[in-house]
Amino acid sequence: MKKYIDQGKNDTRSGFGAGLAELGRTNPNVVALCADLVGSLKMEKFIEENPERFFQIGIAEANMMGIAAGLTIGGKIPFTGTFANFSTGRVYDQIRQSIAYSNKHVKICASHAGVTLGEDGATHQILEDLGLMKMLPGMTVINTCDYNQTKAATIAIAAYQGPVYLRFGRPKVANFTPVDQKFEIGKAVMLNEGTDVTIVATGHLVWEALIAAETLEKQGISAEVINIHTIKPLDGEAVLKSVKKTGCIVTAEEHNYLGGLGESISGLLATTQPTPQEFVATKDTFGESGTPEQLMDKYGLNNKAIVNAVVNVLKRK
Amino acid sequence: MPKLQELQDLTVQVRRDILRMVHKVNSGHPGGSLGCTEFIVALYNEIMELKDGFDMDGAGEDLFFLSNGHISPVFYSVLARKGYFPVDELNTFRLINSRLQGHPTTHEGLPGVRIASGSLGQGMSVALGAAQAKKLNKDSKLVYTLHGDGELQEGQNWEAIMYAAGKKVDNIVATIDYNGQQIDGATKDVLPMGDLKKKFEAFGWDVVDIKEGNDLEAILKGMKEAKSRTGKGKPVCVLLHTIMGHGVDFMMYTHAWHGKAPNDEQLATALEQNPETLGDY
């Protein structure tokens with residue numbers, strides 16, 4: 001199968017910080033807001049270079065979402081930064097009314113998503129955010145997989161009209177997508193062509209899917225691996241084309257199976273091309289304290305879990 | 001500059017619009033709309049500096065955000081009579097396929113509306129963002145808002161109130177419709193809010209009281225005073241003491257008409273008390 005090289009572990013949130021800094025230099029309309037988590041969101045460079053275009057809101061996320069909506073009235077492109085939990089559930093109605101329903105050009109940038117936030121535990125580990133955001137009409141939902149992709153996505157969403165939810169994480173993970181790969185919103189990325197099973201992954205599970213595909217190859221199973229970074233709008237064409245060939249699919253995400261990427265794909269397949277599917281996702285549970293690796297293992301969110309899901313789905317073909 | 005009598009005539013006509021709009025669809029919020037009629041009429045026709053036409057960014061003109069979106073009837077009537085959209089469109093209020101939704105929204109592209117409101121407590125944050133965009137753009141025009149007093153029970157307001165003073169957003173004039181009423185009764189019974197003037201002052205705002213919030217002259221004087229206090233490092237709050245249901249005797253001094261439409265007979269009585277001035281839609 002196609003080989004992917006880890007260019008050096010890095011965190012996706014640093015990709016966001018780098019993308020934001022670049023936007024600061026290239027787009028004078030970009031402004032940034034943060035609710036007391038500048039260091040965690042890696043926003044320091046943007047702030048250092050553009051102090052007048054940064055708004056420190058304090059620990060008041062509802063106010064931050066409203067202010068971001070208001071800043072668009074006057075031509076600004078606001079990027080809000082806080083943890084995924086406080087970017088979504090805490091401020092759902094503010095996003096719903098002032099941003100989504102009002103169709104404001106706000107970019108909600110959310111770090112520390114999922115269980116890989118680690119030791120802080122379930123209060124901070126949101127596994128419901130993709131579902132919350134994808135249910136809002138008009139909201140574009142993106143979950144990036146590594147540093148390079150997150151940087152590229154951050155830059156791409158500034159030019160995209162309308163509200164966007166951009167989800168990334170805390171831990172240092174493999175950085176394997178090409179540094180010059182263009183980020184196309186709503187377009188799946190084919191990582192490895194295969195014939196026996198389709199693995200569609202998003203976020204931190206993409207690298208795990210590639211490891212799983214290598215393991216499967218040794219077992220004589222040819223896995224097609226697709227990275228879907230844009231949960232909504234979903235690249236249904238890429239999914240359908242692949243399952244026509246493979247006849248079964250495993251979806252993998254660091255999110256509850258309710259409301260996530262897998263659910264979107266099952267909805268698509270049910271109405272077009274019913275296909276056996278297995279979900280690598282959390283099973284309607286909260287997370288807990290632990291290291292990212294321990295948690296990914298305990299909650300079945302790693303390459304081993306993907307391999308097991310493939311074995312199961314192949315039996316159902 | 002419109003004469004006081006012209007503003008008075010417009011006020012009475014807007015009252016008629018409000019009453020007829022909510023009567024036609026047997027729904028909507030006449031109480032707060034009537035209580036704020038003089039204020040919105042004065043704001044749009046005498047206080048705010050507005051360009052012709054409408055664009056979302058509102059560069060180079062004053063902006064207004066209605067946070068208590070349920071008083072959409074008065075907002076729609078004043079916007080229509082200011083020329084933002086045809087007055088006849090008031091006929092479509094709350095009907096299917098209308099731009100005049102129950103609560104204001106940008107979703108259907110109604111000129112004059114820059115944000116959806118209805119879910120309470122969000123307008124001040126939005127206005128602060130717009131005010132800070134004006135500062136970034138070196139636009140010296142102001143941002144005006146209106147909020148219900150009961151609406152201040154929503155916590156987001158106090159995040160915004162703290163932020164506005166802390167960040168010296170001094171190009172905003174936030175008006176509180178201080179009528180002491182909310183859906184379930186008097187605010188003092190539902191959730192006493194204490195001394196609002198002292199609260200705003202303690203948060204670092206400059207506060208202007210308009211004791212006669214249904215008197216056009218008092219509003220004009222108070223709002224000009226409020227405007228004169230902008231640009232001095234503090235956000236400005238106007239406590240507009242109004243009477244819910246003002247201008248229709250049986251709707252006044254009660255929360256009963258917060259969200260209830262008059263029946264045929266009540267409408268006739270209410271319209272008799274507000275004879276046609278500029279022509280019904």
Suppose we keep only residues that are assigned to a strand (DSSP E or B) and aromatic (Phe, Trp, Tyr) within the range B:39-70. Which one would you say is surrounded by the fewest Cβ atoms within 10 Å (Cβ to Cβ)? B:Phe64
Among the residues listed as B:Gly155, B:Gly109, B:Gly129, the single one being within 11 Å of chain A (Cβ to nearest Cβ), closer than 15 Å to B:Phe64 by Cα and not hydrophobic (A, V, I, L, M, F, W, C): B:Gly129
With the requirement that a residue be closer than 21 Å to A:Gly194 by Cβ, buried (at least 23 other Cβ atoms within 10 Å of the Cβ), under 19 Å from the mean Cα position of the chain (by Cα) and not charged (D, E, K, R), what does the range A:235-278 give you? A:Val239, A:Val250, A:Thr251, A:Ala252, A:Leu261, A:Gly262, A:Ile265
Could you check how many residues of the range B:132-160 are of a type in the set (A, V, I, L, M), buried (at least 24 other Cβ atoms within 10 Å of the Cβ) and touching a residue at least 60 places away in the same chain (Cβ under 8 Å)? 2
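Residues checked against (1) more than 9 Å from chain A (Cβ to nearest Cβ); (2) among the acidic types (Asp, Glu); (3) more than 30 Å from A:Phe54 (Cα to Cα):
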residue: B:Ala80; (1), (2), (3): yes, no, yes
residue: B:Phe85; (1), (2), (3): yes, no, yes
residue: B:Glu89; (1), (2), (3): yes, yes, yes
residue: B:Leu95; (1), (2), (3): yes, no, yes
residue: B:Gln101; (1), (2), (3): yes, no, yes
residue: B:Ser125; (1), (2), (3): no, no, no
residue: B:Lys138; (1), (2), (3): yes, no, no
residue: B:Lys141; (1), (2), (3): yes, no, no
residue: B:Glu151; (1), (2), (3): yes, yes, no
Filtered residues of the range B:92-120 (kept if on the phi > 0 side of the Ramachandran plot and under 14 Å from the mean Cα position of the chain (by Cα)): B:Gly112, B:Gly118
Could you pull out the residue among A:Lys283, A:Lys317, A:Lys304, A:Lys298 that is of a type in the set (D, E, K, R), surrounded by fewer than 23 Cβ atoms within 10 Å (Cβ to Cβ) and at pLDDT below 95? A:Lys317
Apart from one, (1) at pLDDT below 95; (2) assigned to a strand (DSSP E or B) all hold for A:Lys2; the odd one out is (2)
Looking for something crowded, with 21+ Cβ neighbours inside 10 Å, farther than 30 Å from B:Pro111 by Cα, within 14 Å of chain B (Cβ to nearest Cβ) and under 20 Å from the mean Cα position of the chain (by Cα) - is there at least one such residue anywhere in the range A:49-60? no
Screening A:Val179, A:Val200, A:Val206 for residues that are in a helix (DSSP H, G or I), at negative phi and among the aliphatic types (A, V, I, L, M) leaves only A:Val206
Would you point out which residue out of B:Tyr76, B:Tyr44 is out of contact with any Pro (no Cβ under 8 Å at 6 or more places or on another chain) and away from chain A (no Cβ under 14 Å)? B:Tyr44
Could you tell me whether the range B:138-157 includes any residue that is touching a Phe, Trp or Tyr at 6+ places or on another chain (Cβ under 6 Å) and part of a helix (DSSP H, G or I)? no
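Results for (1) polar (S, T, N, Q); (2) under 16 Å from the mean Cα position of the chain (by Cα), shown as yes or no for each residue.
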site: A:Thr82; (1), (2): yes, yes
site: A:Ser87; (1), (2): yes, yes
site: A:Arg90; (1), (2): no, no
site: A:Gln94; (1), (2): yes, no
site: A:Ser98; (1), (2): yes, no
site: A:Ser102; (1), (2): yes, no
site: A:Ser111; (1), (2): yes, yes
site: A:Val115; (1), (2): no, yes
site: A:Gly118; (1), (2): no, no
Please work out which residue is farthest from A:Asn63 (Cα to Cα), limiting yourself to the range B:164-173 and to residues that are under 19 Å from the mean Cα position of the chain (by Cα) and within 12 Å of chain A (Cβ to nearest Cβ). B:Asn171
Taking the criterion of being away from chain B (no Cβ under 14 Å) and either buried (at least 24 other Cβ atoms within 10 Å of the Cβ) or under 24 Å from A:Ser102 (Cβ atoms) (or both), would at least one residue in the range A:31-38 satisfy it? no
Provide a single number: the residues in the range B:21-48 that are in contact with a helix residue (DSSP H, G or I) (Cβ under 7 Å, 6 or more places away or on another chain) and under 14 Å from B:Leu90 (Cα atoms). 4
With A:Ala201, A:Ala238, A:Ala213, A:Ala152 as the choices, which residue is more than 30 Å from B:His107 (Cβ to Cβ) and outside the structural domain of A:Met296 (by TED's automatic domain parsing)? A:Ala152
Residues (among the β-branched types (Val, Ile, Thr) and touching a helix residue (DSSP H, G or I) at 6+ places or on another chain (Cβ under 7 Å)) located in the range B:218-268: B:Ile219, B:Val236, B:Val238, B:Thr242, B:Ile243, B:Val248
Report whether or not B:Leu128 is assigned to a helix (DSSP H, G or I) and surrounded by 18 or more Cβ atoms within 10 Å (Cβ to Cβ). yes
Determine which member of the set B:Ile176, B:Ile161 is touching a His at 6+ places or on another chain (Cβ under 7 Å) and either within 14 Å of chain A (Cβ to nearest Cβ) or within 22 Å of A:Ala62 (Cα to Cα) (or both). B:Ile176
Meets criteria (surrounded by 24 or more Cβ atoms within 10 Å (Cβ to Cβ), in contact with a Cys (Cβ under 6 Å, 6 or more places away or on another chain) and under 15 Å from A:Ile306 (Cα atoms)) for A:Val225: no
How many residues, within the range A:65-97, are more than 7 Å from chain B (Cβ to nearest Cβ), outside any helix (DSSP H, G or I) and surrounded by fewer than 24 Cβ atoms within 10 Å (Cβ to Cβ)? 1
It is to be established whether one or more residues within the range B:77-87 are surrounded by 23 or more Cβ atoms within 10 Å (Cβ to Cβ) and part of a loop (DSSP other than H, G, I, E, B). no
Which one is farthest from B:Asn68 (Cα to Cα), of the residues in the range B:172-212 that are charged (D, E, K, R) and in contact (Cβ under 8 Å) with a residue 60 or more places away in the chain? B:Asp184
What are the residues in the range A:139-170 that are without any contact (Cβ under 8 Å) to a residue 60 or more places away in the chain and in a helix (DSSP H, G or I), if any? A:Ala156, A:Ile157
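The values are calculated or read from the model by the stated rules, or taken from the named source; none is laboratory data. All figures in this text were calculated on a predicted structure; none of them were measured in a lab. So basically every Cβ, Gly included, is an ideal-geometry build from the backbone, and we count neighbours across all protein chains shown.
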